[in-house]
Amino acid sequence: MSAVLERELVAPEAAPERRPVSTRLLWLGACTAVVIALVLASVAFGTRAVSWHELVTAFTGTEEGVAQAAVQARVPRTVLAVLIGAALAVSGAVMQGVTRNPLADPGILGVNMGASLAVVTGIAFFGLTDPTGYVWVAMLGAASAATFVYAVGSLGRGGATPLKLALAGAATAAALTSLVSAILLPRIAVMDTFRFWQIGGVGGATYDRIGHVLPFLAVGFALSLLAARWLNALALGDDLAVGLGERVGLVRAIAALGAVVLCGAATAAAGPIAFVGLVVPHLCRLLVGVDHRWLLPFSALVGAGLLVASDIAGRLVARPEEVDVGIITALIGAPFFIYVVRRSKVREL
């Protein structure tokens, strides 16, 4: 198993291989069933558990009471977790494909924190209150952070190697996190309201918040899926991609734009949730291979399931209090990141 996983960890630099469609469809059905089960569990479990009968009656409206109120509060939270998990996973898969870097992830590369800092700055210093404005500002911050990290990681001999990008991203994320804290800490009145822009969470989700980010997420998913075939060509190397007639610069621009839009919109809605974009694409490569036409949809599905499961765990481990989902994903993702660094064939500085 370890050997198989190690081989798949370097998949962003490998050519797409063929796997039986029947196997992929089997995994698709299994993953879909797991996600549906997790969605139902997310609605049922929390500070107050909801029985199956109460769950059905709450949805049908045949009874009113505490159970119905709990279900109505958990449904938008679950929907937001599904959307954010899918967006971060696809964003991570695209970033890994664009950079051919197995360590790429919106959190590790500092893109999430760039979006978070931009939103917090807009709120604190420019009176930003429009939820749609949050998304635009978050995308600007995400794009700026991604450009800065790539530029720093490209300095020196060898260009933007995976290890240099990871180090540049980690340093940038740490610096941006400190700046977010410096802006929020003196402003106690808004600290609790905006603390998920430090940690990341889906608590307090509303249909209005979902409605504001949904169009941006749709555009990001569309751009990413559009670039799937081109990302397969990039995996062969720039020279071969050019030989196949691909316009490498345009391909990277479109794919990167899709990843930034997804990351910016997700961060505007839920804060900087890390490691989903790192863990999920690698797991999905084990299931369906490295063909991005399959990898991206599977990443969306598995990412949704991972974030919903993390949210459920955060609600149960400290009941009646909650642990923010960003903390749970960090506990899951940090050991996996160490494993990737140790096992993947990254080039030294």
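The values are calculated or read from the model by the stated rules, or taken from the named source; none is laboratory data. Remember, it's a predicted structure, so these values are computed and weren't measured experimentally. Glycine also receives a Cβ, built like all others from the backbone with ideal geometry; neighbour counts cover every protein chain displayed. Ligands, DNA and RNA are stripped out before the accessible areas are found, and what is left, the full protein with its side chains, is counted by its heavy atoms. Shrake-Rupley method; radii C 1.70, N 1.55, O 1.52, S 1.80 Å.
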Listed by first then second residue, the pairs whose first member lies in the stretch 109-127 and is touching a residue at least 12 places away in the same chain (Cβ under 8 Å), whose partner is among the acidic types (Asp, Glu), with beta carbons under 9 Å and at least 6 positions apart or on separate chains, are VAL111/ASP105; ASN112/ASP105
Out of the residues in the stretch 269-290 that are at pLDDT below 90 and not hydrophobic (A, V, I, L, M, F, W, C), state the one that is nearest to TRP27 (Cα to Cα).
GLY289
What single numbered condition from (1) under 19 Å from ILE36 (Cα atoms); (2) small (Gly, Ala, Ser); (3) open to solvent by 10 Å² or more (accessible area, probe 1.4 Å) fails to hold for ALA274?
(1)
Quick check: is even one residue across the stretch 331-338 more than 21 Å from ALA270 (Cα to Cα), open to solvent by 10 Å² or more (accessible area, probe 1.4 Å) and modelled with pLDDT of 85 or more?
yes
Any chance you could count how many residues in the stretch 301-314 are open to solvent by less than 10 Å² (accessible area, probe 1.4 Å) and out of contact with any Leu (no Cβ under 7 Å at 6 or more places or on another chain)?
5
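Residues of the stretch 168-186 being open to solvent by 80 Å² or more (accessible area, probe 1.4 Å) and modelled with pLDDT under 85, which ones?
If the condition is that a residue be open to solvent by 80 Å² or more (accessible area, probe 1.4 Å) and modelled with pLDDT under 85, then LEU185, PRO186 are the ones that fit.
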Could you tell me which residue of the stretch 30-76 is farthest from ALA300 (Cα to Cα), considering only residues that are at pLDDT 90 or above and either out of contact with any helix residue (DSSP H, G or I) (no Cβ under 8 Å at 6 or more places or on another chain) or not in a helix (DSSP H, G or I) (or both)?
ALA37
Go through the stretch 208-222 and give me each residue that's touching a Gly at 6+ places or on another chain (Cβ under 9 Å) and surrounded by fewer than 18 Cβ atoms within 10 Å (Cβ to Cβ).
VAL219, ALA222
Sole exception among (1) under 20 Å from VAL135 (Cβ atoms); (2) at pLDDT 90 or above; (3) of a type outside the set (D, E, K, R); (4) surrounded by fewer than 20 Cβ atoms within 10 Å (Cβ to Cβ) for PHE194, by number
(2)
Would you check if there is a residue in the stretch 125-140 being of a type in the set (S, T, N, Q), modelled with pLDDT of 90 or more and assigned to a helix (DSSP H, G or I)?
no
